[in-house]
Structures are given as C-alpha cells and as structure tokens.
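*Asks:* Mind looking over this structure? Questions follow.
The values are calculated or read from the model by the stated rules, or taken from the named source; none is laboratory data. For clarity, every value in this text was computed on a predicted model and none was experimentally measured. Neighbour counts run over all protein chains shown; Cβ positions are idealised from the backbone, glycine included. Surface areas here come from the heavy atoms of the whole protein model, side chains and all, with no ligands, DNA or RNA. Shrake-Rupley method; radii C 1.70, N 1.55, O 1.52, S 1.80 Å.
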Amino acid sequence: KGFCVTMPYKEKILNYLDSLSPTAKECGNVNCVKIIRKEDTIKLQGYNTDAYGFEYSLLNQLFISNIQQAYILGSGGVSKTITHILNKHNIPSKVVSRNSKENQISYEELNQTFGDNSLFVNASPVGMHDLEKQIPNIDLTKINSTHQIFDLIYNPSPTLFMKVCKKKGATSIDGSQMLYQQAEKAWEIWQSK
C-alpha cells in the first residue's frame with residue numbers, strides 16, 4: 001500500500017505525486033508514499049515521516065533546553081525537514097555546506113562562529129560507507145561537553161565523527177532511532193483508511 005523514498009529522490013518524487021500531507025508541503029520533500037486505489041484510479045500521496053523520526057530523537061535523546069544554536073551539516077532534502085522541526089521548537093538553525101549562499105553558510109564561516117551549547121546535525125553522506133573515514137569539515141578542537149552531535153547516519157555506527165566528538169565529551173547519537181520511528185510512522189500511514 002506504499003513505499004519509501006531515500007536520497008537523492010526525496011525532492012524529485014514530488015513531480016509524480018497527486019497530493020502531499022501538510023508536513024511534506026512544509027518540508028518540501030517526501031520519504032513515504034501511500035498508494036490509494038479507488039475503483040480504476042490510483043493516487044499517490046506523499047508524506048514526510050523523517051520529520052516525525054527526527055522530532056522523536058530530538059525530544060527523547062537530546063537535551064533541547066541546552067541548545068542555543070543548531071547547525072545542519074549538508075544542504076540536501078533532509079536539511080529542510082530538520083530546519084522545519086527545529087523551527088517548530090524555536091531552536092535557531094543554520095544550514096552548512098561547502099559554499100555559502102542564500103540561507104546557508106560555509107564550513108569556514110561555521111568554524112569562525114560556533115560556540116558552546118551548539119547542536120550539530122550531520123545530514124550529509126560524510127561518514128557513510130565509502131566515506132566512513134571522513135569527518136565533516138568542522139573545527140574539532142572547539143568541540144566540548146556542551147556540544148551535541150546528531151549524526152543521521154545509522155550504518156556504520158558509531159561514525160568516526162561521533163567517536164571523535166564523544167571522546168571530547170560531547171553527547172553523540174546516531175540516526176537509528178530516527179530510522180525506526182519514521183518507519184513505524186510509514187507503516188501506520190499505509191495501514192490507515
């Protein structure tokens with residue numbers, strides 16, 4: 001009754017859908033599609049269950065009251081979802097990518113400005129298989145116990161980024177709980193009438 005979509009298709013799938021849930025509209029990307037069959041017609045409805053999974057982890061695995069600034073490492077489709085949830089909880093955020101442009105800063109700018117009580121969300125492929133020996137280009141000498149790391153990667157886990165930051169006292173979590181929660185939400189959507 002449905003299927004999931006992953007990178008790099010979360011935005012491209014929008015052109016093939018008949019409707020979007022309110023959250024999917026706000027996030028501008030879809031990772032869950034429900035197939036609706038009525039008589040001889042088939043409609044595809046897009047949802048964003050990543051938002052649910054990210055919010056679950058944010059509220060249950062991190063200390064959101066301590067976050068003064070969040071940095072989303074990577075500017076792909078999921079960065080919009082993360083921005084949406086952080087805005088919902090009044091957590092200021094900035095998207096970080098290799099180059100600065102409208103609504104995003106470069107890693108160089110990040111390294112000059114980030115302070116204590118920052119949350120870093122790795123929404124890039126850096127740390128995944130084939131890139132598992134790489135770390136996002138942030139100044140690791142500044143990382144301390146006031147920082148929180150949410151690496152959306154769940155395989156391999158922990159990532160090298162998580163290991164290094166944990167040694168410096170930072171709270172570090174992976175994306176496994178987010179993955180589980182978004183899948184549960186997708187299943188719920190597919191089973192609903």
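*Asks:* Here's a check for you: in the range 61-96, which residue that is part of a helix (DSSP H, G or I) and without any contact (Cβ under 8 Å) to a residue 12 or more places away in the chain is farthest from Pro22 (Cα to Cα)?
*Replies:* Ser65
*Asks:* Here is a follow-up. Condition first: aromatic (Phe, Trp, Tyr), open to solvent by 40 Å² or more (accessible area, probe 1.4 Å) and either in a strand (DSSP E or B) or in contact with a helix residue (DSSP H, G or I) (Cβ under 8 Å, 6 or more places away or on another chain) (or both). Now tell me which residues in the range 135-188 satisfy that.
*Replies:* Passing the criteria: Tyr154, Tyr180.
*Asks:* Is one or more of the residues making up the range 52-74 surrounded by 13 or more Cβ atoms within 10 Å (Cβ to Cβ) and closer than 23 Å to Lys193 by Cα?
*Replies:* Checking the range 52-74: at least one residue is surrounded by 13 or more Cβ atoms within 10 Å (Cβ to Cβ) and closer than 23 Å to Lys193 by Cα.
*Asks:* Sort out which residues of the range 97-133 are assigned to a loop (DSSP other than H, G, I, E, B), hydrophobic (A, V, I, L, M, F, W, C) and over 19 Å from Thr159 (Cα atoms), and write them in order of number.
*Replies:* Residue satisfying the conditions is Phe114 alone.
*Asks:* Then there's this: Exactly one of (1) surrounded by fewer than 13 Cβ atoms within 10 Å (Cβ to Cβ); (2) modelled with pLDDT of 95 or more; (3) not β-branched (Val, Ile, Thr) is unmet by Glu109. Its number?
*Replies:* For Glu109, the exception is condition (1).
*Asks:* I'm checking my understanding of the structure. Among residues of the range 1-35 that are part of a loop (DSSP other than H, G, I, E, B) and farther than 14 Å from Val78 by Cα, which one is most open to solvent (accessible area, probe 1.4 Å)?
*Replies:* Lys1
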